[in-house]
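Trainee: Got a structure here, written out as structure tokens. Questions coming.
The values are calculated or read from the model by the stated rules, or taken from the named source; none is laboratory data. Model, not experiment: these values are computed from the prediction. Here the Cβ positions follow ideal geometry from the backbone for every residue, glycine too, while neighbour counts run over all protein chains shown.
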Amino acid sequence: MVQLVQKDPEAAIVLFWKAINAGDRVDSALKDMAVVMKQLDRSEEAIEAIKSFRGLCSKQSQESLDNVLIDLYKKCGKVEEQIEMLKRKLRLIYQGEAFNGKPTKTARSHGKKFQVSVRQETSRLLGNLAWAYMQKTNFMAAEVVYQKAQMIDPDANKACNLGLCLIKRTRYNEARSVLEDVLYGRIPGCEDGRTRKRAEELLLELESKQPPPDLSDLLGLNLEDEFVNGLEEMVRVWAPSRSKRLPIFEEISSFRDRIAC
């Protein structure tokens, strides 16, 4: 079947449908068919297939079908549905019903199998939920969820997303702190070159968005509002006629001395 999927995915889908209708290994047939449909940009059809036939599948397969459904919602841009599904999976964890009651589960990535703990899965789902909130531009909710995810099981990729979220909320100092944690290797996953590069890019974006420093910072002074207001008035009145060769700090110094008198 793997070779058929690679050579003729449309024909493979027909065989998957036949297996489902015949009740032959429905669990794997439905899941595999949905994955192939996604590859063929038939995600909407795959969503309807899972909703219609998941009732024929075993209890043990429901979690993996949920994961496929979340990916399909993401592919289709159905963010609200994605959020609801992620919340549902998190509720199952809170209720102790995830992983079919086991502390770990076997996951697969790039053809390799590995063990995932409930803690890691919770953090992963929270990260996905936060990213979905980002797509809805609900940056306040995204920040809260990212912070919870990082408290449970921190990693560099989620740190970059949290940094982006904080930039969106104009919380620049906090964003810089989070992103520097990635650059300086303070979070698991920092060794990944792509993640470090993304942190660097986000820091550059942050620098471009930050407002210029206050004039009081330039002078090293703790100026009172009255002085700052007077300075702004001076610039407004003098700007059109002042000499362009006169250093700005000479003007400021002269004006400040007059105020001090």
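Trainee: Given the conditions (1) basic (K, R); (2) surrounded by 15 or more Cβ atoms within 10 Å (Cβ to Cβ); (3) farther than 23 Å from Q135 by Cα, which single one is not true for R196?
Mentor: Answer for R196: the failing condition is (3).
Trainee: Suppose we filter K38, K75, K31, K89 for residues that are under 27 Å from the mean Cα position of the chain (by Cα), farther than 30 Å from N138 by Cβ and touching a residue at least 24 places away in the same chain (Cβ under 8 Å); which single one remains?
Mentor: Within the list K38, K75, K31, K89, the selection yields K31.
Trainee: Does the range 101-111 contain any residue that is in a helix (DSSP H, G or I), in contact (Cβ under 8 Å) with a residue 12 or more places away in the chain and not hydrophobic (A, V, I, L, M, F, W, C)?
Mentor: no
Trainee: In the set K74, K31, K78, K51, which member is among the basic types (K, R) and surrounded by fewer than 16 Cβ atoms within 10 Å (Cβ to Cβ)?
Mentor: Only one candidate passes the filter, namely K51.
Trainee: L223 passes all but one of (1) modelled with pLDDT of 55 or more; (2) assigned to a loop (DSSP other than H, G, I, E, B); (3) surrounded by 13 or more Cβ atoms within 10 Å (Cβ to Cβ); which number fails?
Mentor: (1)
Trainee: Condition first: more than 27 Å from Y133 (Cα to Cα) and of a type outside the set (A, V, I, L, M, F, W, C). Can you find one or more residues in the range 78-97 that meet it?
Mentor: No; the residues of the range 78-97 include none that is more than 27 Å from Y133 (Cα to Cα) and of a type outside the set (A, V, I, L, M, F, W, C).
Trainee: For the range 80-100, what are the residues that are assigned to a helix (DSSP H, G or I), of a type in the set (D, E, K, R) and either modelled with pLDDT of 95 or more or farther than 16 Å from G127 by Cβ (or both)?
Mentor: Hits for the range 80-100 are E80, E81, E84, R88, R91.
Trainee: In the range 96-154, which residues are closer than 24 Å to L72 by Cβ and touching an Asp or Glu at 6+ places or on another chain (Cβ under 6 Å)?
Mentor: Hits for the range 96-154 are Q120, S123.
Trainee: How about the range 132-149: which of its residues are farther than 15 Å from N67 by Cβ and touching a helix residue (DSSP H, G or I) at 6+ places or on another chain (Cβ under 6 Å)?
Mentor: Y133, M134, Q135, K136, F139, A141, A142, E143, V145, Y146, K148, A149
Residues checked against (1) among the basic types (K, R); (2) without any contact (Cβ under 8 Å) to a residue 12 or more places away in the chain; (3) surrounded by 23 or more Cβ atoms within 10 Å (Cβ to Cβ):
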{"site": "K113", "(1), (2), (3)": "yes, yes, no"}
{"site": "Y133", "(1), (2), (3)": "no, no, no"}
{"site": "A142", "(1), (2), (3)": "no, no, yes"}
{"site": "I152", "(1), (2), (3)": "no, no, no"}
{"site": "L162", "(1), (2), (3)": "no, no, yes"}
